[in-house]
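Reviewing the structure listed below.
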Amino acid sequence: MSNSRRTTVAASTLLVVCLSGSSLLLHHLDHIRTGATLQDVLYLSSPKVLKRLSLGYDGLVADIYWTRAVQYYGNKHHEGAQHFELLAPLLEITVALDPHLTVAYQFGASFLAPQPPNGAGMPERAIQLVEYGIRNNPEKWELYYELGFIHYMELKDYAKAADAFARGTRVPNTNPYLKVLAGQMAEHAGDVATARLMWTTALQTTPDSSIRANATAHLRAIQVYEDVTTLEKLTAAYRKKTGHFPSTFSELYAAGMLGGVPMDPLGLPYKLAANGRIEVRDPDKLPFIEKGTRPGYVPPRIPKFLPSDY
């Protein structure tokens, strides 16, 4: 067989293989778009295989897997699920195909790490995901923040959180908050002010609506914690002064101890209950609160913090 003949045969064979691979990928993506089960979606679970079959369309395939990851978590969350086994592989495939999709790492930190029903309860897997992001995007200070966030919020490992924030301070054009957080890990780890700074930074550093809603819900819970703590100190002081608890906020106002009716983060007035206890009016709309609920209150199985489009 001549050299030109062998070249033609080899080229034809390669073309057939590429077209077959492309056909397989398109068939697989069609299943994803038409609502196949996630087990079907993950039939091609190897990023290396997907990259080869995508024929240069890595970004397109990554976007599809990213969309499925968000939909998967949103659906599971609204069902009140306790298991999110496929969230990690969906996110890992997404970033393997597109290592520069920063929001996928942020999503992983926010929802892969926390315990169910608010997350998958896989903090170590979330750390691996974010570390992968840092290796591929060492200039992204946001990823060092996410790494420290997981260590601080989920593992209570303040030394590793401080190290992650300190690493982020060395990135060009970093956020100055990281230096503050690195210092506070040593001095004020676990206090309310540090938690507020963490969630405020989370709110300000992502455009993703679900991550922002989660951060907002935690910030509201922190405000309720501080408000209730302060108001119950006032009712205790009033009792010490008068011999009985106030029955209305007006009594505290008349005693010069309060400037008006206190409002919760939803804009509703707090309720002054028996024995000087302070309660919120609608605890179901304030997930994560640790104070301000009536005795025996059981929070809803599905915390209502995700935006309505999930």
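The values are calculated or read from the model by the stated rules, or taken from the named source; none is laboratory data. Given the structure is predicted, the values throughout are model-derived calculations rather than measurements. Cβ atoms come from the backbone with ideal geometry, glycine included; neighbour counts cover every protein chain shown. Please note that ligands, DNA and RNA were not included when accessible areas were found on the heavy atoms of the full protein model with its side chains. Shrake-Rupley method; radii C 1.70, N 1.55, O 1.52, S 1.80 Å.
General remarks:
- Pairs are defined by a Cβ separation below 6 Å, a sequence spacing of at least 6 or placement on different chains, a first member in region 156-175 that is crowded, with 17+ Cβ neighbours inside 10 Å, and a second member that is at pLDDT below 95 and among the charged types (D, E, K, R); the pairs so defined are Thr169/Lys179.
- Of the helices (runs of 4 or more DSSP H) entirely within region 9-126, those holding at least 1 residues that are acidic (Asp, Glu) and modelled with pLDDT under 85 occupy 38-41, 58-78.
- First in region 103-125 and touching a residue at least 12 places away in the same chain (Cβ under 8 Å) and aromatic (Phe, Trp, Tyr), second anywhere and part of a loop (DSSP other than H, G, I, E, B) and open to solvent by 30 Å² or more (accessible area, probe 1.4 Å), Cβ under 9 Å, 6 or more apart: Tyr105/Lys140; Phe111/Asn118
- Conditions (1) open to solvent by 30 Å² or more (accessible area, probe 1.4 Å); (2) out of contact with any helix residue (DSSP H, G or I) (no Cβ under 9 Å at 6 or more places or on another chain); number of the one not met by Gly80: (1)
- Out of Met198, Met185, sole residue that is buried (at least 20 other Cβ atoms within 10 Å of the Cβ) and under 19 Å from Ala113 (Cα atoms): Met198
- Search result, residues across region 119-145 that are within 20 Å of Gly74 (Cβ to Cβ) and open to solvent by 10 Å² or more (accessible area, probe 1.4 Å): Ala120, Gly121, Met122, Arg125
- Within region 279-304, being within 19 Å of Leu219 (Cβ to Cβ) and not in a loop (DSSP other than H, G, I, E, B) holds for Pro283, Asp284, Lys285.
- Taken over region 273-296, residues that are open to solvent by 30 Å² or more (accessible area, probe 1.4 Å) and free of Cβ contacts under 8 Å to residues at least 60 places away in the same chain amount to 11.
- The set of residues in region 63-77 that are of a type in the set (Ser, Thr, Tyr), out of contact with any helix residue (DSSP H, G or I) (no Cβ under 7 Å at 6 or more places or on another chain) and open to solvent by less than 20 Å² (accessible area, probe 1.4 Å) is empty.
- Looking only at region 257-310, and only at residues there that are within 19 Å of the chain's Cα centre (by Cα) and of a type in the set (Lys, Arg), the one that is modelled with the highest pLDDT: Lys285
- Which numbered condition Thr200 misses (of (1) closer than 30 Å to Leu268 by Cα; (2) in contact (Cβ under 8 Å) with a residue 24 or more places away in the chain): (2)
- Residues being crowded, with 21+ Cβ neighbours inside 10 Å, within 12 Å of Ile150 (Cα to Cα) and not polar (S, T, N, Q) - total across region 90-118: 7
- Count of residues meeting criterion [within 16 Å of Val70 (Cβ to Cβ) and under 11 Å from the mean Cα position of the chain (by Cα)] in region 191-221: 8
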